[in-house]
Amino acid sequence: SLQLPATETFIGKIGIGNIAVMAFFLLSGFIISEAGATFYKDRPFAFLTNRFWRITPAYWLALGISLSVHYVLFNMGNLRLLDYTELPQGMFTAQNIISNVFVIFPFQARIGLVHVDGFYGFVRFFWAIAAEFLFYFAAFAVFCVMLCIPRYREKIAVIAVGSALLLHILNEYFLPIRSELSL
C-alpha cells in the first residue's frame, strides 16, 4: 500500500498539532486567571517565580539533551535535519547556544541575549514556550495593576483580556508586532 508523507494526510493538512497547542493556550489562560484570582491573589511575584521554576529547568534539560544528541550525530556524520537541505552554519557556536538558553524569555532579542541571524533552535517548538512565557509576563503585569488598584479588579481583568484579543487581531491580520515569535 502507498504511504503518504505525514503532511499529506488528513491530520497533517489540518495541523492537529497547532490546534492542540492553541487549545492548551486557551485552557492555560483560564487556569492561570483562576490561580491569579485565588491562590496568587495579591502575590504577583510568587506567581512569576513559580512559573519560572516550573518551566525553565525542564526546557533547559530538553535543550541539553537535544544539543547533546545533535552534537553526537554531527560528529558521527549522521546528523540530518528535516527542515534543512544543508546543516546550518554556526549551530554549535557559543552565540547560538546562548541564544537557545534564553530564547524562551520575552524581549530577549531586544536586549541582545538572542541573536536571530543564523539562529538554529535545538528544541524544535521553543516558540510555544516563548509564547507561554509572554502570556505569564502579561498576566504578571495585570496582577500587579490589580494589586495597585484593587477597587477595579474586575474591570482591569476585562480590559486586559480585550486588549490581548485586540493585539492578537492586529498582529495576526494587520501588522506583525512580535518579531521574537517569528524566529
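The values are calculated or read from the model by the stated rules, or taken from the named source; none is laboratory data. Remember, it's a predicted structure, so these values are computed and weren't measured experimentally. A quick note on method: Cβ atoms are made from the backbone with ideal geometry, for glycine too, and the neighbour counts reach across all protein chains shown.
Can you tell me which residues in segment 103-160 are among the acidic types (Asp, Glu) and assigned to a helix (DSSP H, G or I)? Outline the logic, then answer.
Initially, segment 103-160 is screened for residues among the acidic types (Asp, Glu), giving 117, 132, 154.
Across segment 103-160, the qualifying residues are Glu132, Glu154.
Can you tell me which residue among Phe122, Phe105 is touching a helix residue (DSSP H, G or I) at 6+ places or on another chain (Cβ under 8 Å), farther than 18 Å from Met22 by Cβ, crowded, with 18+ Cβ neighbours inside 10 Å and modelled with pLDDT under 90?
Exactly one residue qualifies, and that residue is Phe105.
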